[in-house]
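Values in this text are rule-based calculations from the coordinates and carry no lab data. The shown structure was predicted, so the numbers you read here are calculated from the model rather than taken from an experiment. Neighbour counts run over all protein chains shown; Cβ positions are idealised from the backbone, glycine included.
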Ligand SMILES: *Cc1c(COP(=O)(O)O)cnc(C)c1O
């Protein structure tokens with residue numbers, strides 16, 4: 001006898017990238033920042049007052065929201081803190097999607113989206129991206145025709161690293177009947193010379209919700225802290241109704257506040273990652289593995305047929321050498337490897353192994 005709801009019984013859970021817990025793997029599979037958190041962040045961890053553990057945390061993470069509001073030039077009411085960015089994705093569904101109504105997304109994108117839709121018992125409205133990862137012209141029309149109330153757009157796109165311009169995302173939001181959640185998990189790694197900034201959209205459009213996380217840009221994936229930025233009318237129901245009162249703990253809020261206050265330190269790691277990204281792309285292409293231009297902290301490399309047993313073969317052979325990259329067994333990605341940008345040393349290990357395998 002199964003007690004699960006039928007949709008839970010039918011669904012498959014999310015498959016996380018491998019998280020090897022022993023040895024000294026070269027870990028280029030889950031897009032962590034290869035550099036340590038800043039010294040100010042480490043100091044904030046060390047100076048946690050045990051008294052802060054006895055008491056419940058601030059239900060609204062008020063100190064972090066004030067700090068982040070200043071950093072982003074918005075009001076604290078435009079910000080809601082969550083247990084990792086992933087919790088914001090789930091809360092956006094809970095808050096904006098009636099059970100049974102479809103959830104929109106581009107295909108491929110973050111593989112957690114369809115899992116969260118299945119948990120909510122919502123069908124998924126998928127629109128395939130063009131071969132160059134661009135959004136099809138009729139994207140919004142198809143979402144509206146299907147009655148989609150919430151659309152996820154990851155930008156820079158995962159797993160390709162492609163950046164959609166602010167004009168494009170604004171046009172998409174304006175054309176959609178429902179909420180557009182712009183998942184900016186990787187936005188910190190965008191080249192600052194591009195001047196990319198979607199934050200003004202939350203004043204111009206009432207249906208734009210932006211996801212940010214400290215996991216990637218701030219080297220804090222182990223801590224679980226994310227936040228949403230949006231018009232107060234989108235943020236309020238999440239902050240005051242659907243969110244658990246204490247989903248963000250006191251330690252995380254303290255550390256996250258230090259991270260945002262000292263974001264110039266993190267920005268140095270972003271610059272280092274961008275430099276390594278260009279170098280690694282050049283080396284991979286010299287090996288015959290063309291990469292999609294990336295504004296993120298990973299590269300999507302294409303493995304031409306017959307090269308080293310194909311993408312899956314190379315993935316397995318690297319894993320046997322304790323080098324982890326990501327292989328997605330899904331349409332459009334079976335000839336690709338997604339490689340997180342590591343330190344120059346880690347990237348060197350990867351390239352050394354690839355030279356032997358290819
Ligand atoms: C990493 C990531 C997130 C959020 O991750 P958290 O660790 O839960 O903050 C959201 N979207 C995408 C596409 C990601 O890669």
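Scanning the stretch 199-223 for residues that are farther than 21 Å from residue 276 by Cα, surrounded by fewer than 20 Cβ atoms within 10 Å (Cβ to Cβ) and in contact (Cβ under 8 Å) with a residue 40 or more places away in the chain turns up just one, 199.
On inspection, residue 42 fails the criterion of being away from the ligand (no atom under 14 Å from the Cβ), part of a loop (DSSP other than H, G, I, E, B) and more than 18 Å from residue 340 (Cβ to Cβ).
Residue 231 satisfies every condition listed in (1) over 19 Å from residue 266 (Cβ atoms); (2) surrounded by fewer than 24 Cβ atoms within 10 Å (Cβ to Cβ); (3) without any contact (Cβ under 8 Å) to a residue 40 or more places away in the chain except (3).
Note on the stretch 170-197: among residues that are within 14 Å of residue 211 (Cα to Cα) and assigned to a helix (DSSP H, G or I), the one that is farthest from the chain's Cα centre (by Cα) is 188. Scanning the stretch 219-235 for residues that are away from the ligand (no atom under 16 Å from the Cβ) and either in a loop (DSSP other than H, G, I, E, B) or touching a helix residue (DSSP H, G or I) at 6+ places or on another chain (Cβ under 7 Å) (or both) yields 231, 232, 235. A single entry from 100, 161, 147, 85 fulfils the requirement of being crowded, with 22+ Cβ neighbours inside 10 Å and over 21 Å from residue 230 (Cβ atoms): 161. Taken over the stretch 145-161, the criterion of being assigned to a loop (DSSP other than H, G, I, E, B) and within 22 Å of residue 292 (Cβ to Cβ) is satisfied by 155, 156, 157, 158, 159, 160, 161.
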